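To start, the structure itself, in structure tokens.
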Amino acid sequence: MTMLVRNAALTGYLDLVRSRKVDPLPLLRSVGLQAADLAVPNQWIAIDAAAQLLERSAVATGLEDFGIRLADSRKMTNLGPISVAAQGEADLRGVLMLLGQYQHIRSEAISLRISEADDLAKVRIDFNLSPDVNSTHFSEMTVGALIRLIKFVVGNQWNPAHICFTHDAPATRTRHPKTLGKSVRFSDNFNGFVFPASDLDLPNKLFDTLFQSFAKEYIDTIASPRPVDDLDRIRELIETTLPTGRCSLQHAAKTLGVNRVTVYRLLARSNTSFSEMVNTIRAELARRYVTQQTRSLTDIAGLLGFSELSAFSRWFRNEFGSSPTVWRAERGNGARSA
């Protein structure tokens, strides 16, 4: 199955393409994506599709530095919960270790490794893409974005000693030095960069001593566990697409890069079906949401993929034996009396 990446990886994509007077919708459709795949935050998309999209968009816009331009738009907040937890790390070493440990929150197809040897530190970024997918612009975007994020952490004056890419050099490199610095090596044996190991001890400008003791607990609380098998990946797809109204076997199969029969057989081997898994997840989420008194039942219905409150109420009664209003009241009274 195709590996996945959060749609935050394509932050700024639509604006960049449109700034070149190019319609992004045909480009999205050409790789099996829709505008909705980028519009709803935190959605999973196929990394092969994302990489192919950047390659085709670079051609359509005439920008050989398409990936670099996307990297230029990155902000610390694009890391989501990792950006918050990073405030609890005192130095660059801690921030990079945090990124490596929780990279799976952002993509199961990208790994980040930090190593030290001979007074040099190396950050290596690997991509789990299909062999026939060109990753030139995706690689440049990812490496460039990470360097930009490090500058947010230790200061804009910081630069790595060398930046390395496995792909060949583009014909035009005017933007590469501006964003990445002058020491960029192409046709190298890894994607990433090298810098003095002593830089790992540079203080984190975002460090908050008051937040330090809570940072690890915070990210462990909200971070999804690393998916360990295809069932986990299907489950997470269901959870993220339920509120969009696009939760379906067909959509899950398309995102994973397989046909519906493959997903059906995979679930059958685990003695379940897509509809049963959806219902199980809905029930788990319903228990959590309905007990949260600040959430309206209409909002909860939408989060669980119901277009009407009445449909949610019927489902809830069949599942739990009472209406969500009664169920919520009983739990609320129980909590107050306790």
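Work out Dmax and Rg for the range 48-87 from the C-alpha atoms and quote the Rg first, both in angstrom.
13.4, 39
For the range 72-159, how big is the tail of P(r) above 21 Å, as a whole percent of Cα pairs? Present the calculation step by step, with values, prior to reporting the outcome.
Numbers: 1159 of 3828 pairs.
Everything past 21 Å amounts to 30 percent.
Could you tell me what % of all Cα pairs in the range 137-186 have separations over 18 Å? Please list the in-between numbers first.
Working: 281 of 1225 pairs.
Counting every Cα pair in the range 137-186, those more than 18 Å apart make up 23 percent.
Leaving out ligands and nucleic acids, and using a 1.4 Å probe, what accessible area per residue does the chain come to in Å²?
Numbers: 16640 Å² over 338 residues.
Result: 49 Å² per residue.
Using mean Cβ contacts within 10 Å as the protection proxy, how do 89-96, 306-313 order, highest first?
In descending order of packing, they fall as 89-96, 306-313.
Return P(r) of the range 92-206 (all Cα-Cα pairs; 5 Å bins starting at 0; whole %; ordered from short to long distances).
2, 10, 22, 26, 20, 13, 5, 1, 0
With springs only between Cα atoms under 10 Å apart, run a GNM on the chain and tell me which of GLY144, GLY192, GLY305 wobbles the most.
Maximum fluctuation in the GNM of the chain, among the listed residues, is at GLY305.
Output the Kirkwood hydrodynamic radius of the range 200-282, Cα pairs only, in Å rounded to one decimal. Provide the component values of the computation, followed by the final result.
Values: mean 1/r = 0.0653 Å⁻¹.
Computed over Cα pairs of the range 200-282, the Kirkwood hydrodynamic radius comes out at 15.3 Å.
What per residue convex hull volume, in Å³, comes out for the chain when only alpha-carbon positions are used?
Details: hull volume 55.8 nm³, N = 338.
With only Cα atoms used, the chain gives 165 Å³ per residue.
Helix 324-337: angle to the longest alpha-carbon principal axis of the chain, degrees 0 to 90, nearest 10?
80 degrees
As I understand it, the value is the acute angle between the Cα axis of helix 47-61 and the longest principal axis of the Cα atoms of the chain; what does it come to in degrees, rounded to 10?
Here the helix axis deviates by roughly 50 degrees.
Relative to the first principal axis of the alpha-carbon coordinates of the chain, what is the inclination of helix 230-241, with its axis defined by its Cα atoms, in degrees from 0 to 90 and to the nearest 10?
Approximately 80 degrees, to the nearest 10.
Report the per residue volume, in Å³, of the convex hull enclosing the C-alpha atoms of the range 1-78.
Values: hull volume 6.8 nm³, N = 78.
So the per-residue hull volume is 87 Å³.
Calculate how large, on average over all directions, the projected area of the Cα convex hull of the range 244-338 is; give the answer in nm² to one decimal.
Values: hull surface 28.9 nm².
About 7.2 nm², averaged over all directions.
From the gyration tensor of the Cα coordinates in the range 265-304, what semi-axes in whole Å does the equivalent ellipsoid have, largest first, with each one equal to sqrt(5λ)?
28, 9, 5
Using a cut-off of 12 Å between beta-carbons, work out the net charge of the residues near THR262 (Lys and Arg +1, Asp and Glu -1, THR262 not included). Don't skip to the answer; put the middle values down first.
Working: positive: LYS254, ARG260, ARG265, ARG269; negative: ASP230.
Net charge in that neighbourhood comes out at +3.
Can you give the helix-only mean residue ellipticity at 222 nm for the chain, where every DSSP H stretch with n ≥ 4 adds -39500 (n - 2.57) and the sum goes over all residues, rounded to the nearest 500 deg cm²/dmol? Before the final figure, lay out each step's value.
Values: 17 runs with 175 residues, N = 338.
Per the formula, -15500 deg cm²/dmol.
With the full set of protein chains in place, find how many percent of the accessible area of the chain is carbon and sulfur; take the probe as 1.4 Å. Before the final figure, lay out each step's value.
Values: 8230 of 16640 Å².
Taking all protein chains in place, the chain shows 49 percent carbon and sulfur surface.
Quick one: P(r) of the range 130-259 from all Cα-Cα pairs, 10 Å bins, percents rounded to integers, in order of increasing distance.
Once binned at 10 Å, the Cα pair distances of the range 130-259 give 10, 25, 25, 28, 12, 0.
Mind giving me the nanometre distance, one decimal, between the label points for ALA171 and ASN42, set 7 Å out from Cα along Cα→Cβ?
In this crude label model, ALA171 to ASN42 measures out at 4.4 nm.
Tell me, in nm to one decimal, what length is gained between ARG287 and SER198 on full extension, where the rule is 0.36 nm per residue of separation less the Cα-Cα distance? Before the final figure, lay out the partial values.
Details: separation 89, 0.36 × 89 = 32.04 nm, distance 4.97 nm.
Difference between extended and current length: 27.1 nm.
The values are calculated or read from the model by the stated rules, or taken from the named source; none is laboratory data. Here the structure is a predicted model, which means the values were calculated and not measured. Neighbour counts run over all protein chains shown; Cβ positions are idealised from the backbone, glycine included. Heads up: the accessible areas ignore ligands, DNA and RNA and are worked out on the full protein's heavy atoms, side chains in. Shrake-Rupley method; radii C 1.70, N 1.55, O 1.52, S 1.80 Å.
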